[in-house]
1. Between B:Ala325 and B:Ile271, what FRET efficiency follows from the Cβ-Cβ distance if R0 is 25 Å, with the result rounded to 0.05?
2. Find the centroid of the Cα atoms in segment B:261-339 and in segment B:70-130, then give the distance between the two in whole Å.
3. Which helices, counted as full DSSP H runs in chain B, have an axial Cα extent of no less than 30 Å and a Kyte-Doolittle average of -1.0 or above?
4. Once you compute Rg and the Kirkwood Rh from C-alpha atoms, what is the Rg to Rh ratio for segment B:137-252?
5. Please rank B:Lys245, B:Lys260, fewest neighbouring Cβ atoms within 10 Å first, as an exposure proxy.
6. Near the amide H of B:Lys213, under 5 Å away, which other amide H atoms are found, from residues 5 or more places off or on another chain, if H is placed in the peptide plane?
7. Can you say what percent of the DSSP beta bridges in the protein assembly as shown, counting only those with both residues inside, are antiparallel? Round to 5.
8. Can you put A:Arg77, B:Arg306 in order of Cβ neighbours within 10 angstrom, beginning with the fewest?
Amino acid sequence: MAKIVLETKVLTKRYGSVTPLDSIDMQVKGGEWVAIMGPSGSGKTTMLNLLSLLDSPTEGEYILDGVGTATLTEKERVAVRREKIGLVFQQFHLVSYLTALENVMLAQYYHSMVDKGDAMEALERVGLEHRTDHLPSQLSGGEQQRVCIARALINQPAIIMADEPTGNLDEANEEVVLELFKELHREGRTIIMVTHNPELAEFADRVVRLHHGKVVKDA
Amino acid sequence: MAGDKGAKITKREMFLRILLKSLKVRKNRVFITFFSIMIGAAIITALASVYFDISAKMSRELRAYGANFFIGPASASGNRTVDTGTIGEAVKMVPPEKLAGASPYVYGVVRLDLGNAVLAGVDFAGLKRLSPYWQVEGKWITVDFDDESCMIGKTLAKNMELKVGDSVTVIRNETGFQKSLIIKGIAETGQAEDEQIFVSLPLAQKILGMEGKANHAMLSIVTEGTDIDALAATVAGKFPVLDAKPIRKVSSSEGKILEKIKGLMAIVAVIILTITTLCVMTTLITVVSERTREIGLMKAIGADDREIVRQFIAETLLIGVAGVAAGLVVGFILAQVLGQAVFGSSISFRMIVLPVTLIPSVAASLLAAVLPVRMAVRVVPAQVLKED
């Protein structure tokens with residue numbers, strides 16, 4: 001039986017009187033693909049920010065790979081994120097003045113060693129071996145997202161966290177990205193994906209539905 | 001592409017690649033920062049170059065403000081005059097390169113056409129170097145043996161209604177000497193000399209019946225590198241009949257002027273550095289504001305605070321060092337312009353100018369980066385990455 005890689009207990013985030021995320025209890029097993037769905041303002045992105053350690057909860061507990069995150073310093077949180085999590089963003093967030101290859105190598109640079117060959121392979125894997133020296137502005141939205149995925153994968157993270165990865169893509173590119181996620185899932189990576197897209201969610205093992213910051217369905 | 005596979009890139013190479021590309025993409029901001037630092041460094045270089053040359057240059061320049069050394073008969077001797085030969089020998093004890101000008105003086109009261117006046121016998125060539133600040137209408141007397149001409153002070157000329165080219169009769173009752181002299185020049189000195197009449201030393205000695213004598217000599221000595229008190233003691237030691245002493249009023253005010261000018265330059269340098277710092281800081285704050293999303297992304301994919309600080313400090317340092325290097329060159333050129341304009345001579349390059357410019361300029365650049373870097377470190381990825 002797969003071990004639990006991610007667990008939240010009464011995870012809550014408050015901004016003054018607003019509570020975008022309220023008492024979330026959740027467990028995710030290794031290799032599981034979890035889609036987080038819900039209407040705008042339901043707390044999906046807040047939840048992903050907490051799970052990816054980009055933000056800290058106001059209350060509750062978050063255990064990642066058996067380690068409680070509440071007591072981690074900011075430096076330790078960055079290190080955990082670097083080692084264990086690959087992030088995919090809706091807006092791609094590539095560094096505008098670096099080429100596709102350099103954007104991938106940037107993640108290597110912050111992680112450990114920079115290996116151009118590995119970065120090239122990551123781009124080949126997402127079908128961009130012919131676009132390595134292009135700047136983000138010279139790439140289509142779908143290509144930028146694939147660079148973003150290559151960057152997320154380069155350090156072999158156990159968990160991929162994606163925020164609306166197909167939100168800014170056309171149908172053809174959405175299909176390409178979906179195939180990539182399916183492949184990652186087959187490889188046994190844990191995927192937490194925020195999405196509005198029911199077709200994408202179909203391929204997830206589990207769909208967690210949020211409403212007003214609370215889990216209303218987990219199946 | 002296959003050839004690239006497996007190629008390792010060191011962290012330093014990657015760091016430099018990020019650094020240079022991030023600067024290249026922001027050419028305008030980089031140029032403003034570079035230009036601010038360059039201007040600041042150039043002004044500091046120019047001021048420092050002049051500052052370290054100033055003592056020598058200013059000391060010579062201040063010699064334009066009159067005599068600063070007196071040689072006269074020893075007070076203990078009771079004499080009111082001394083041999084001009086002895087004075088001449090005493091003057092020779094001053095190193096020639098330090099002697100800006102010197103003249104013996106002999107004084108006596110004479111009668112002119114409209115009343116009495118003090119007559120001074122001088123060495124006109126020496127007097128001219130001693131008193132370059134005199135405003136002379138007409139001409140200076142340039143020939144020492146000219147016994148047909150005189151110069152008179154402006155007040156005296158006014159009181160006696162005399163003009164350049166007029167003749168004036170000088171009468172000395174005690175000697176019965178009487179001679180008509182042509183007024184070559186009228187001098188405005190702003191001092192007691194405005195009421196005196198000047199003739200060559202030999203002529204004055206003849207008029208006053210004081211051949212071979214002088215009341216005293218006045219000297220203008222470059223004080224930079226000269227122990228003027230020791231010089232006075234040496235002269236007095238060698239010539240017991242003489243008193244030799246610096247004119248404190250001029251010597252000490254000379255020092256005070258130098259100190260004040262140095263102080264002023266230091267204040268200007270501090271103001272320039274402050275303005276440079278503020279300008280660089282403003283530009284860097286703008287850069288950080290423009291790059292919050294990039295900083296957020298770097299943090300999200302694994303950059304810790306140290307990496308962010310390193311990136312911004314390195315960028316600032318690189319621009320700062322380039323700006324200071326350019327500033328040193330521009331500043332040295334500026335120093336030459338200042339040197340020519342103010343002192344009429346070039347300013348020599350001194351190694352001390354390098355650290356004096358480099359250290360405060362780079363420190364100012366780094367100081368300017370403190371606030372922007374703190375802003376960068378405080379960027380919260382979750383906040384900046386969700387913004388469209």
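Values in this text are rule-based calculations from the coordinates and carry no lab data. This structure is a prediction, so every number in the text was calculated from the model and none was measured. Heads up, the Cβs are rebuilt from the backbone with ideal geometry, glycines too, and the neighbour counts pull from every protein chain shown.
1. That gives a FRET efficiency of 0.65.
2. 59 Å
3. Membrane-span-like by this rule: B:27-62, B:248-290, B:305-338, B:353-377.
4. Here the Rg-to-Rh quotient is 1.05.
5. Ordered by Cβ neighbours within 10 Å, fewest first: B:Lys260, B:Lys245.
6. Under 5 Å from the amide H of B:Lys213: B:Thr84.
7. 70 percent
8. Sorted ascending by nearby Cβ count, the order is B:Arg306, A:Arg77.
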